[in-house]
Structures are given as structure tokens and as C-alpha cells.
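Colleague: Quick one: the structure is below, and I'll ask about it shortly.
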Amino acid sequence: AQSVAQPEDQVNVAEGNPLTVKCTYSVSGNPYLFWYVQYPNRGLQFLLKYITGDNLVKGSYGFEAEFNKSQTSFHLKKPSALVSDSALYFCAVRPGSARQLTFGSGTQLTVLP
Amino acid sequence: GAGVSQSPSNKVTEKGKDVELRCDPISGHTALYWYRQSLGQGLEFLIYFQGNSAPDKSGLPSDRFSAERTGGSVSTLTIQRTQQEDSAVYLCASTGDGANYGYTFGSGTRLTVV
């Protein structure tokens, strides 16, 4: 069975600084990896995905993530954080053979002005 | 529609009552998923519908939970004899065909059992 770990419940970063939200995964076969963001009282919004190809994936709102197969990681990054980036971030994985996503427990990102 | 629509957005019910939560997916999306998000926890998979295939019910936590999808479109999640531990946000998502799809989520139904 697949699993996702987001080791940090909370990440605080100053506005303008780079941010990283960590994610590691376990899955059989080739992984399909996703990041979603959730703003208060809203559903989850898709940020980016890795299916195949270039290990560095660029997504919405200036976010990017790097797929590292040897470390089974898919960390979310942004070079310069904005206060408006403050939200709950979820990493998710599924094996290529399945359609159901398994989500991590989420990381609350707070960007301080 | 343009997005995934869920209703009601909020539901308060008394312990022991039955509730029905509705999800209207994006038109043409063949797959529909229900997840549960409890306070301070991640998303817990409940059930998955794909076209006319039998649903994957492996995530339903008890036999008090059931779901159906009529005509390959609208889905209803029913919780019978609600318990306080059922309080959560219930999220619905839909996807189209293809290997590269991502989920489109609705805004969820916040269920509170008192």
C-alpha cells in the first residue's frame, strides 16, 4: 500500500524568503505525485504534479517541486514566499496502476510579514 | 458545471440521525471520489466511482456509511445513525479520463454531529 509523510505539521517563513514544504512517499512502481493547497473553508486546489520526465516540476503561483527517486521525496519549494501563500498544503501519491490518491497529513504554512 | 458542487455546505445534525451529502461533479468527468477530512488530520479516502464499474468501497469506515452515484453523475453519501466521531469535512472530487489527470475538489460539506 502507498503512503505519504509530511514530517512538519507547521512551517513558518518570513515574507521574501525561500520556502520548502517536505514530502516523502512510499509506493510500488512508478509514482504519480501531486501537491494541493487548501485555503480556509475551501476545497483543495491543484498546484502541480509529477508524472514522468523532468524531475523539476513547475506549477501554479510560482511553486515548484523536485522529484527525487533515490530519496523518495517530492518537496515543494518557492524562491520567495508571499503572505498570501499562507495555507494548508497536502502532498499526495498514487501508483501508476491505481486512480485513488493517498494524501499526507498536511503542512500548515505561515508566511510572516 | 464549471466546478464540483457540494451541498449542503454546512450540516448540523443530532446524534443518531441520518444525513445525506450531495456531490455534483464536473460534467463529463467519469471518476468521482469521496474523502473525509477530520480536524488536524489529512484526507481519508472513503469511496471511488469509475464509470459504470462497481465502486471501490474499501475506505468506508463502517456499514453506517454508503454512497451511490446515479446516472454516472451526481453522487450521494449517506451516513446512518450519525455519531459524534463522524463530525468532519466531507470532500468530493472528480476527474476525467487519462493518465495525467488531477482531482478537482468541491468546497466540501462540514458535518457537525451534536
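Colleague: In the range B:87-110, what count of residues is obtained for those that are facing another protein chain (nearest Cβ under 8 Å), of a type in the set (S, T, N, Q) and in a strand (DSSP E or B)?
Modeller: Result for the range B:87-110: 2.
Colleague: Of everything in the range B:33-69, what is of a type in the set (Ser, Thr, Tyr), within 9 Å of another protein chain (Cβ to nearest Cβ) and either under 15 Å from residue B:95 (Cα atoms) or surrounded by 13 or more Cβ atoms within 10 Å (Cβ to Cβ) (or both)? Give them in sequence order. I'd like the intermediate steps shown before the answer.
Modeller: Keep residues of the range B:33-69 that are of a type in the set (Ser, Thr, Tyr), which gives B:33, B:35, B:38, B:48, B:53, B:58, B:62, B:66.
Okay, now just the ones that are also within 9 Å of another protein chain (Cβ to nearest Cβ), so B:33, B:35, B:48, B:58.
Answer for the range B:33-69, where residues must be of a type in the set (Ser, Thr, Tyr), within 9 Å of another protein chain (Cβ to nearest Cβ) and either under 15 Å from residue B:95 (Cα atoms) or surrounded by 13 or more Cβ atoms within 10 Å (Cβ to Cβ) (or both): B:33, B:35, B:48.
Colleague: Still on this model: Looking only at the range B:12-29, which residues are buried (at least 19 other Cβ atoms within 10 Å of the Cβ) and either more than 14 Å from the chain's Cα centre (by Cα) or outside any strand (DSSP E or B) (or both)?
Modeller: B:25
Colleague: Considering only the range A:30-113, give the strands (runs of 3 or more DSSP E) lying wholly within it that have at least 2 residues that are polar (S, T, N, Q) and either surrounded by fewer than 20 Cβ atoms within 10 Å (Cβ to Cβ) or within 11 Å of chain B (Cβ to nearest Cβ) (or both). Can you show your working first?
Modeller: Working: elements: A:31-38, A:44-50, A:56-58, A:64-68, A:73-78, A:87-95, A:107-112.
Counting at least 2 such residues, we get A:107-112.
Colleague: Quickly run through the range B:63-86 and pick out the residues that are under 19 Å from residue B:110 (Cα atoms) and outside any strand (DSSP E or B). Even if it seems obvious, please write down each step before you answer.
Modeller: First, the residues of the range B:63-86 that are under 19 Å from residue B:110 (Cα atoms): B:64-67, B:74-86.
Of everything in the range B:63-86, those that are under 19 Å from residue B:110 (Cα atoms) and outside any strand (DSSP E or B) turn out to be B:64, B:74, B:80, B:81, B:82, B:83, B:84, B:85, B:86.
Colleague: Could we say that residue B:70 is of a type in the set (Val, Ile, Thr) and without any contact (Cβ under 8 Å) to a residue 24 or more places away in the chain here? Even if it seems obvious, please write down each step before you answer.
Modeller: Values: of a type in the set (Val, Ile, Thr): yes; without any contact (Cβ under 8 Å) to a residue 24 or more places away in the chain: yes.
The answer is yes for residue B:70.
Any read-out appearing in this document is the output of simple, stated calculations on the displayed coordinates, not a laboratory observation. Keep in mind that what you see is a predicted model, and the values were worked out from it rather than measured. A quick note on method: Cβ atoms are made from the backbone with ideal geometry, for glycine too, and the neighbour counts reach across all protein chains shown.
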